2 protein chains.
Amino acid sequence: MYPVDLIRKTRDRQPLTPEEIRFLVAGAAAETIPAEQLAAWLMAARLNALSLDEIRLLTLAMRDSGERFHPHSGPNPIVARAVDKHSTGGVGDKTSFLVAPIAAACGLIVPMISGRALGHTGGTLDKLESIPGFRTALSLDELATSLRANGLAIVGQTPALVPADRVLYALRDRTATVESPGLICASILSKKLAAGLDALVLDVKTGSGAFLRNAAEAEFLAALLVSTANAAGTRTVALLTAMSQPLGSAAGNWIELAEAVALLRNQRSPLTEDLRLLSLHLAGWMLHLGGIAQTPEDGRTRAERSLADGSALDRFLAMVAAQGGDPAVFDHPEVFHRPAVTHTLRASRSGRIVAQDTTALGWAVQRLGAGRETVGVSIDPHAGIHFHYRTGDLIAVGQPLATLYASRSDQVPEAITRIESALTWEPSDSSQPSATAIAPPVPVVLQIIDADRAAAILAKASNLR
Amino acid sequence: MYPVDLIRKTRDRQPLTPEEIRFLVAGAAAETIPAEQLAAWLMAARLNALSLDEIRLLTLAMRDSGERFHPHSGPNPIVARAVDKHSTGGVGDKTSFLVAPIAAACGLIVPMISGRALGHTGGTLDKLESIPGFRTALSLDELATSLRANGLAIVGQTPALVPADRVLYALRDRTATVESPGLICASILSKKLAAGLDALVLDVKTGSGAFLRNAAEAEFLAALLVSTANAAGTRTVALLTAMSQPLGSAAGNWIELAEAVALLRNQRSPLTEDLRLLSLHLAGWMLHLGGIAQTPEDGRTRAERSLADGSALDRFLAMVAAQGGDPAVFDHPEVFHRPAVTHTLRASRSGRIVAQDTTALGWAVQRLGAGRETVGVSIDPHAGIHFHYRTGDLIAVGQPLATLYASRSDQVPEAITRIESALTWEPSDSSQPSATAIAPPVPVVLQIIDADRAAAILAKASNLR
């Protein structure tokens, strides 16, 4: 079998056989197929679109390209079902720190393999590493031990897990082949399925802060993910959710963790209600698909109870301790938070904020040192932004809009410029009679995409592949 | 400027600017842009098609990526116009050995930069190197000296000439991006234009032995080449010609040279009339575009005269001597030809040969040792095939069809199988009353594509890009 023949087939829209897909993926993982041939194939796949069958085969071949985690087998199998949540990425998205301990508190295990900050979005691993001592590099044996003890662990990808994705993802980043639903689907699911999940809940975001701003494209990706994961034997639904403003108030690393822990402690605020509601929705589905709850609504009720009774908080703190972190930092989170520079941005005008370019806000957070533009750059765990408003709020001149945290004061002006240009205002002298100072909560969950709904979407929209 | 941004633009069918195309080509030539990024761009260009403007800019940027030959400038400029002929490749195509000395004999210079055998077609350089001592690796200074002395030189590409094409062509071969009219056009013309040509005649082949078997695709490529070369300031026409059977009788290396020299010596045969006629057509256009002849017909008359009076033969032999070869091998060419194995293939049936898969015949020649499947493999200068029939001929059982030459007898059976399966027969008991033993000559020139005709073709067929 020659790589050039497989490139030619995908170039000419001829389907690859299962053997050909496995050959390609194995060659990527072992780096026996040269990068230029993989790159040409990726561009052909990006432009010509893979079939649903090819996407499923690619996902499975990538999942099997390295070692896998098998929670229910081996000498000391775990009985509890393994469930996870995956988000396609947004600004201020910290639901993992809520849903993982909730699911664990309710009787599931959550072997969550997470990623790092890149571009305008943050990374779960970077956020956790703002806790002194926290280790995200666990072996699969350590992962199993943690799951047995606490029901959850949030870790980085091991070098041996899905090596094909590591090679292909790095290539896609350099060759403008990231934006392909089929390749995105295979990349996401290969890693999730390699963790041996029984069920998976996907949070597919759309709107100004999402990678897929267009709702139809996001819906299509969600359907592709749900269809492929279910075909691979993992019960999966996707929640299509709004990412038209930062989720919650905090965007950064430590401040996001602190905001999640505040909710685990039942310290609610109007600025974090969207985060709380979305987390309960996601956790409700995790509990339902994991067989703990009869319905997602029942799951949500159980999730809310685990917050109220402190059992989810306990699981979170136990995980922090198990992975080498010092849970004492959460006793006085505002004391632990010591950025070098703090700056309050006040409104220079009055009016109503009617829309936000959330990607631009994400870049403002990144430029303060909380994120990274390219892989491997170190970040400032205390940098970030607290946003003090929601879309729809009526703002007075001089009112604090945001608090910015950075390590150097020269990082602040660019972030301010980005925030200010990200906001769309309507004049406050608007004659709308129903104007109120505090906007009503925005519904975050736009649509539930289960296997049936996914099939209907795929049947109608095959041209989006 | 970042390569990934240019890949993204071509991926999304946005035109590249002249600066962007120059950046890409310079990065390819200097190998500062990684192979995987060039490969992804090539696939995007292959699938999305470049615009006519982009193809022209790419051609010029590639032409300028290394050193160039300037016959009419420098301390000792050549006055005669520089003209060349380029063929898209076929089986038994040896017109270069006729048209170059004819054009030189008639007062033009021909700085012919040629290539090597690859796949099912032979290479001009390999054929010339079957002459003991013949050197094809000349510096540009040596090229100028040869042109001043004899009016012609046939040489290989110097390492410094069009380095971008060397890099891109090697990549295209490995990434299934060879078959792209825009990329083919830029690759062919960048090398031809770097030789400082005033005029160029293209022989674009179509039919069973051509790279572009489909006539519409060949016509489109011809139009693209003519349009681009004229826009770059080189007077250019293309002859669309039939490659539905080997050109002439010989296909190999030495035997092709010997066949060309026989025609230069006015030793004609019914089996080589197609070769003679096509060479006269091509040379006629070279003389016309080079300003020697008022019309192509006038050019053809002058070409024929240079054959009749021996002046073209003189130029050819002078070139052989100038490039280190021993012209004495042509005194008794049949004595010099000493293959280890000679095998006569006789017809096992009677009937009329009505069609030939000429690509299969080219592979038969290659498998006898006359060609190479991959770059760098050495060849047998004496291997090859003499075909003793033309399409349309009525053949009797036992009649010699072909003579095969090889270095090892185990190479013969595969070649025979390929020849036999390449021929389409009609029974000899056909009731057609006009059947004759010797077929009438096949018209080889199908169409002349000048700048006006090219514009009309491009206007109608932009979807073939």
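The values are calculated or read from the model by the stated rules, or taken from the named source; none is laboratory data. Model, not experiment: these values are computed from the prediction. Don't worry about glycine lacking a Cβ; one is built from the backbone with ideal geometry, like all the others, and counts go over all protein chains shown.
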Condition check for A:Gly290: buried (at least 19 other Cβ atoms within 10 Å of the Cβ) and under 22 Å from A:Ile379 (Cβ atoms): no
Filter pass, B:Ala250 being in contact with an Asp or Glu (Cβ under 6 Å, 6 or more places away or on another chain) and buried (at least 24 other Cβ atoms within 10 Å of the Cβ): yes
Odd one out for B:Ala104 among (1) touching a Gly at 6+ places or on another chain (Cβ under 7 Å); (2) farther than 19 Å from B:Arg276 by Cβ; (3) in a helix (DSSP H, G or I): (2)
Positions within the stretch A:222-246 being surrounded by fewer than 24 Cβ atoms within 10 Å (Cβ to Cβ) and either β-branched (Val, Ile, Thr) or in a helix (DSSP H, G or I) (or both), in sequence order: A:Ser227, A:Asn230, A:Ala231, A:Thr234
Residue among B:Thr145, B:Thr124 that alone is in contact with a strand residue (DSSP E or B) (Cβ under 8 Å, 6 or more places away or on another chain) and among the hydroxyl-bearing types (Ser, Thr, Tyr): B:Thr124
Sole exception among (1) surrounded by fewer than 24 Cβ atoms within 10 Å (Cβ to Cβ); (2) at pLDDT 95 or above for A:Glu217, by number: (2)
Scope the stretch B:113-153; condition in a strand (DSSP E or B) and surrounded by fewer than 23 Cβ atoms within 10 Å (Cβ to Cβ); matching residues: B:Ser114, B:Leu118
Tally of residues being surrounded by fewer than 18 Cβ atoms within 10 Å (Cβ to Cβ) and touching an Asp or Glu at 6+ places or on another chain (Cβ under 9 Å) across the stretch A:154-176: 1
Qualifying residue in the stretch A:12-19 (condition: in the same structural domain as A:Leu225 (by TED's automatic domain parsing) and at positive phi): no
Cross-chain or 6+ apart pairs with Cβ under 7 Å, the stretch B:387-416 first and closer than 18 Å to B:Ala355 by Cα, then of a type in the set (Phe, Trp, Tyr): B:Ile395/B:Tyr389; B:Leu401/B:Tyr389; B:Ala402/B:Phe387
Complete set of residues in the stretch B:300-322 that are touching a residue at least 60 places away in the same chain (Cβ under 8 Å), of a type outside the set (A, V, I, L, M, F, W, C) and either crowded, with 22+ Cβ neighbours inside 10 Å or more than 20 Å from B:Leu128 (Cβ to Cβ) (or both): B:Arg302, B:Ser306, B:Ser311, B:Arg315
Hits in the stretch A:173-189 - residues which are at the interface with chain B (Cβ under 9 Å from one of its Cβ atoms) and assigned to a helix (DSSP H, G or I): A:Asp173, A:Arg174, A:Thr175
Qualifying residue in the stretch B:263-286 (condition: part of a helix (DSSP H, G or I) and of a type in the set (Lys, Arg)): yes
Helices (runs of 4 or more DSSP H) contained in the stretch B:1-81 and holding at least 2 residues away from chain A (no Cβ under 14 Å) and crowded, with 19+ Cβ neighbours inside 10 Å: B:18-29, B:52-63
Meets criteria (within 18 Å of A:Asp93 (Cα to Cα) and either modelled with pLDDT of 95 or more or in the same structural domain as A:Asn230 (by TED's automatic domain parsing) (or both)) for A:Leu361: yes
Residue within the stretch B:436-451 that is surrounded by fewer than 20 Cβ atoms within 10 Å (Cβ to Cβ), part of a loop (DSSP other than H, G, I, E, B) and modelled with pLDDT of 95 or more present: yes
Search result, residues across the stretch B:350-406 that are among the hydroxyl-bearing types (Ser, Thr, Tyr) and in a strand (DSSP E or B): B:Thr403, B:Tyr405
Hits in the stretch A:155-172 - residues which are away from every other protein chain (no Cβ under 14 Å) and under 25 Å from A:Ala218 (Cβ atoms): A:Gln157, A:Val162, A:Asp165
Check on A:Arg265, of a type outside the set (S, T, N, Q) and more than 26 Å from A:Ile385 (Cβ to Cβ): no
